[in-house]
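What follows is a set of notes on a single structure, which appears directly below.
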Amino acid sequence: MQSMKHFINSRAGLWLATGIGAGLLLSGAAQLIFEPFLAQAQAEQKTAPKLSDVGEAQSDVRTVNDRLPDQSHAMTDVGYHFANLWFAADKHNWPLANYYLGETRSHLKWAVRIHPVRKTKAGEVDLKGILDAVDNSFLTEIDNAITNKDSVKFKTAYRRTLEGCYACHTACEKPFLRPQIPSEASVSILNFDPNATWPQ
């Protein structure tokens, strides 16, 4: 009987020791498994922005926005390049015309990045959508005319582009911005003659 009690007690002790050992082992394994996740969570808590940091960031964004050019600045560049495009094509200087078409497209995209949507009394005007339509139709026609060195098609496409530009100005409640065929080049330092030699 005594040996039976001893056996039960030692068996219980063994179970208890095994349980404690397994518990310690699992606890250590759990710590190893979850330690990277805990470290990441703690790091994220430490790097969470303070309210003062958020306010400063918003102030920085406003400061940068105040220093960026407005849309009219970008459109002035568009006018410069588009006017010179007319004279380059008029002189059959097709490489120069191609250059000015590329600059016109680039600066139109810049203008739309500055203000992709215009708010008007009638609602919002999607400038990106308008630009995509103009680029895929009128400006593509100009591009094809330049590629084919076709002056007649160029002049037709150029006039149609001006009509498209005016439709956009009108939609944006700026009908007083009336584009026209330019009467003189926007630049006098460049020679539009494709056969000009250098130095002169």
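Of the residues T156, T170, which is open to solvent by 40 Å² or more (accessible area, probe 1.4 Å), farther than 19 Å from G102 by Cβ and under 27 Å from the mean Cα position of the chain (by Cα)?
Going through T156, T170 in turn, just one is open to solvent by 40 Å² or more (accessible area, probe 1.4 Å), farther than 19 Å from G102 by Cβ and under 27 Å from the mean Cα position of the chain (by Cα): T170.
Is region 104-120 home to any residue that is in contact with a strand residue (DSSP E or B) (Cβ under 7 Å, 6 or more places away or on another chain) and closer than 24 Å to Q71 by Cβ?
Yes, the conditions are met somewhere in region 104-120.
Do the conditions hold for C165, that is, is it touching a Pro at 6+ places or on another chain (Cβ under 8 Å), surrounded by 13 or more Cβ atoms within 10 Å (Cβ to Cβ) and not aromatic (F, W, Y)?
So C165 fits the description; yes.
Would you check which residues across region 118-138 are over 16 Å from E163 (Cα atoms) and exposed (fewer than 13 other Cβ atoms within 10 Å of the Cβ) and list them?
K119, T120, K121, A122, G123, E124, G129
Restricting to region 86-110, give me the number of residues that are in a loop (DSSP other than H, G, I, E, B) and crowded, with 16+ Cβ neighbours inside 10 Å.
Here the count works out to 2.
Return the residue satisfying two criteria in turn: it lies in region 71-85 and is within 11 Å of H115 (Cβ to Cβ) and of a type in the set (G, A, S), and of such residues it is most open to solvent (accessible area, probe 1.4 Å).
So, considering only residues that are within 11 Å of H115 (Cβ to Cβ) and of a type in the set (G, A, S), the one most open to solvent (accessible area, probe 1.4 Å) is S72.
Can you tell me which residues in region 178-200 are open to solvent by 80 Å² or more (accessible area, probe 1.4 Å) and either touching a residue at least 60 places away in the same chain (Cβ under 8 Å) or not small (G, A, S) (or both)?
R178, Q180, E184, I189, N195, T197, W198, P199, Q200
The values are calculated or read from the model by the stated rules, or taken from the named source; none is laboratory data. Just so we're clear, the structure is a prediction, and the values are computed from it rather than from any experiment. As a convention, Cβ positions derive from the backbone with ideal geometry for all residues, glycine included, and neighbour counts pool all protein chains shown. Remember, those area values only see protein heavy atoms, side chains included, never the ligands or the DNA or RNA. Shrake-Rupley method; radii C 1.70, N 1.55, O 1.52, S 1.80 Å.
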